[in-house]
Amino acid sequence: MDLPDLADTLLEATIIPSFSRIGPVVRSHLDHWGDAVGHRLDGRVIVITGATSGLGLVAARAWLRAGATVEIVARNPSKADATVAALLEEFPGANVATVTADTGNLPQLHEAAEVLRARHARLDVLVHNAGALDATYEASPSGVEQTVASQVVGPFLLSALLFDRLREAAPGRIVWVTSGGMYTEPLDVGLLDAGPEGYKGTVAYARAKRAQVTLTELMAARVDPSSIVVHAMHPGWALTPGVERSLPGFRTVMGPLLRTPQEGADTLEWLAAEDTTPLACTGKLWLDRRVRPTHRRSATRRADTPSARAALWEWVTAAAGTDFPPTGAST
């Protein structure tokens, strides 16, 4: 084992150094990182949800700087328009636009997909980044708890609706932005769409993120990687507006150890742009440009059974009203 691998292993063995800003500071030096987007992306089209602030906005700026076309899917049209205006002021002539949809509202996603399909014959990357940690229970228009609807069901549906456009990139890329919080929760479909009684936002969020990582693996297994690759990444502990709003105590305790938004978004930018390592595999979870294990506790590993995975797939395809790949699509 060489020095970078040894240092990375030691960091990953202990959560705080790995997830905090210590991780990217050390790893970027030892692995000799270049820019996350190290080449021009002219002609490439990247669709990202939830990019009006936080990590999504940081990543969108990096891709636009490299010449990509960026489509921002956002639920608040006025905020999305203001974001696009600000990006055009920063990058005059950039190809950036917005599509209105709440990722927890399935009819809106159908409409958004039609807009994107009309605008583009090929989509290179679809990034599932939208998602908030809500303190109180709320049901989506379809009746599914909002966290799960917007971070699991909606993204799965959008992936299916845009499948043929992504396949045209040969390979297209689907990237789920998940969270290290998923390590705390096992895969349990019976608990995924829990009702309002005893609702805890942090638990619902972690369960949704666990489902995202499992779906990454299941989706990847169902499509030829020469057509589409599917990956997930978690940003570590980054200082974002979502953390400021939803986890103020954590923000206070961690203080300067939190990653900057740029450090948190680095691997997302890299997975969407880099044409070597991310395209040589599929179905992986990443942190700091390296593949990571999907379990850190024996309890979650034991729960990750074939029957639990099959139950998740059956549930999400029923909730989204589609399979992946969609019926009739060539893989």
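Of the strands (runs of 3 or more DSSP E) lying entirely inside region 206-314, the ones with 1 or more residues being among the aromatic types (Phe, Trp, Tyr), surrounded by fewer than 24 Cβ atoms within 10 Å (Cβ to Cβ) and in contact with a strand residue (DSSP E or B) (Cβ under 9 Å, 6 or more places away or on another chain) are found at 284-287.
Just checking, does region 101-112 include any residue being of a type in the set (A, V, I, L, M) and surrounded by fewer than 22 Cβ atoms within 10 Å (Cβ to Cβ)? Walk me through it before giving the result.
Start the filter on region 101-112 by keeping residues that are of a type in the set (A, V, I, L, M), which leaves 101, 106, 109, 112.
After this cut, where a residue has to be surrounded by fewer than 22 Cβ atoms within 10 Å (Cβ to Cβ) as well, the list is none.
No: zero hits.
Looking across region 30-47, the residues that are closer than 21 Å to Glu168 by Cβ and either outside any strand (DSSP E or B) or among the small types (Gly, Ala, Ser) (or both) come down to His39, Arg40, Leu41, Asp42, Gly43, Arg44.
Residue count for region 258-308 under the criterion of being among the aromatic types (Phe, Trp, Tyr) and within 25 Å of Glu185 (Cβ to Cβ): the result is 1.
Residues that are touching a Gly at 6+ places or on another chain (Cβ under 6 Å) and without any contact (Cβ under 8 Å) to a residue 40 or more places away in the chain within region 40-75 comprise Arg40, Asp42, listed in sequence order.
Applying the criterion of at least 3 residues that are in contact with a Ser or Thr (Cβ under 9 Å, 6 or more places away or on another chain) and aliphatic (A, V, I, L, M) to the strands (runs of 3 or more DSSP E) found wholly in region 53-139 leaves 69-74.
Just so you know, all these numbers are worked out from the coordinates, no wet-lab data involved. These figures come from a predicted structure and were not determined experimentally. Cβ coordinates were reconstructed from backbone atoms using ideal geometry, including for glycine residues, and neighbour counts include every protein chain displayed.
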